[in-house]
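Peer 1: To start, I am sharing the structure in question, which I have written as structure tokens.
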Amino acid sequence: MKKHLLLFLIAALLIIAAITTGCGGEKPATPAAPPQKVELNVSAAVSLKDALAEIQKNYETKNANVKLVYNLGASGALQKQIEQGAPADIFISAAPKQMNDLEEKNLVNKATRKNLVENKLVVIVPTASTLNITKYEDLTKNDVQKVSIGETGSVPAGQYAQEVLKKLGIWDKIQSKAVLAKDVRTVLTYVETGNVEAGIVYKTDAVSSDKVKVAATAPEGSHQPILYPAAVLSGTKQEKAAADFLAYLSTPECKAIFEKYGFTMSK
């Protein structure tokens, strides 16, 4: 009797074990962790503001794990920030000088450096202006009392403006009426608000505003080509993500955006 009972209990336990194993099935796979969010700090010349804003929307839509953080300003000021250790993964300057200085200090990944876009230098006046300004030399006229340009020590647009005015032999006459601005967008604002009769900005700044009009374009050969070099910085901790974004800036999609805002792509 005891033997039969023992066999019965063993059989019951085996059946229960089989049922338990069968019901358990395979353990569900652990869901993959979402890709880690990458934050890219891009220090860029303020004249790129509108184009980069549109590029940001497109890029972040296609790359959900990347967040672009722009630090826009005068290229010279951005250079100093980078030299002082400000967080930056990519630098886009409005002139080669600032990039060259950083490269000499080994703060730039030389292998990634490239000329991204080009620009032109123009004289702008308020849309309602009746002043007869058709060339840079007209800025010396008595009825032009104030002319705004960027700071010649730190703002590339100001440096290009000074170069043109010296080349044309009128820098000494313009100096006394020059209103210096911290960046090229401030020059644009001064002209828009009528605080000055004229200003010297990039063509792209003129395109961005319906409150100003172009009065004159810098003569061919009157200044160095206005190149915007871009590079990944050597201190980045997001080297691949930075390189990917830098490559994206040269795609046909970005070319169309840059040209929409008045830039031309560098060859």
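Peer 1: Keeping to region 220-251, report how many residues are of a type outside the set (Asp, Glu) and closer than 17 Å to Thr61 by Cα.
Peer 2: The number of residues fulfilling the criteria is 8.
Peer 1: Quick check, is Gln145 of a type in the set (S, T, N, Q), in contact with a Ser or Thr (Cβ under 9 Å, 6 or more places away or on another chain) and outside the structural domain of Glu259 (by TED's automatic domain parsing)?
Peer 2: So Gln145 does not fit the description; no.
Peer 1: Moving on to the next point. Applying the selection to region 137-155, what residues are over 10 Å from Ala198 (Cβ atoms) and in contact (Cβ under 8 Å) with a residue 60 or more places away in the chain?
Peer 2: Within region 137-155, Gly150, Glu151, Gly153, Ser154, Val155 meet the criteria.
Peer 1: Is there any pair with a first residue in region 103-130 that is assigned to a strand (DSSP E or B) and a second that is crowded, with 17+ Cβ neighbours inside 10 Å and hydroxyl-bearing (Ser, Thr, Tyr) whose Cβ atoms are under 6 Å apart and which are 6 or more apart or on different chains, and what are they?
Peer 2: Leu116/Tyr228; Val117/Tyr228; Asn119/Tyr202; Asn119/Thr204; Leu121/Tyr160
Peer 1: Please give the strands (runs of 3 or more DSSP E) falling wholly within region 138-256 in which 3 or more residues are of a type in the set (Phe, Trp, Tyr) and out of contact with any Phe, Trp or Tyr (no Cβ under 6 Å at 6 or more places or on another chain).
Peer 2: Of the strands (runs of 3 or more DSSP E) lying wholly inside region 138-256, none has at least 3 residues that are of a type in the set (Phe, Trp, Tyr) and out of contact with any Phe, Trp or Tyr (no Cβ under 6 Å at 6 or more places or on another chain).
Peer 1: Okay, moving on. List the strands (runs of 3 or more DSSP E) inside region 38-102, counting only whole elements, that have at least 2 residues being buried (at least 23 other Cβ atoms within 10 Å of the Cβ), among the β-branched types (Val, Ile, Thr) and touching a strand residue (DSSP E or B) at 6+ places or on another chain (Cβ under 7 Å).
Peer 2: Correct list: 90-92.
Peer 1: With assigned by TED's automatic domain parsing to the domain that holds Val147, within 22 Å of Phe91 (Cβ to Cβ) and surrounded by 15 or more Cβ atoms within 10 Å (Cβ to Cβ) as the only criterion, which of Val201, Val212, Val164, Val207 stands out?
Peer 2: Selected residue: Val201, the only one of Val201, Val212, Val164, Val207 that is assigned by TED's automatic domain parsing to the domain that holds Val147, within 22 Å of Phe91 (Cβ to Cβ) and surrounded by 15 or more Cβ atoms within 10 Å (Cβ to Cβ).
The values are calculated or read from the model by the stated rules, or taken from the named source; none is laboratory data. What you see is a predicted model, and the numbers here were worked out from it, not measured in a lab. So basically every Cβ, Gly included, is an ideal-geometry build from the backbone, and we count neighbours across all protein chains shown.
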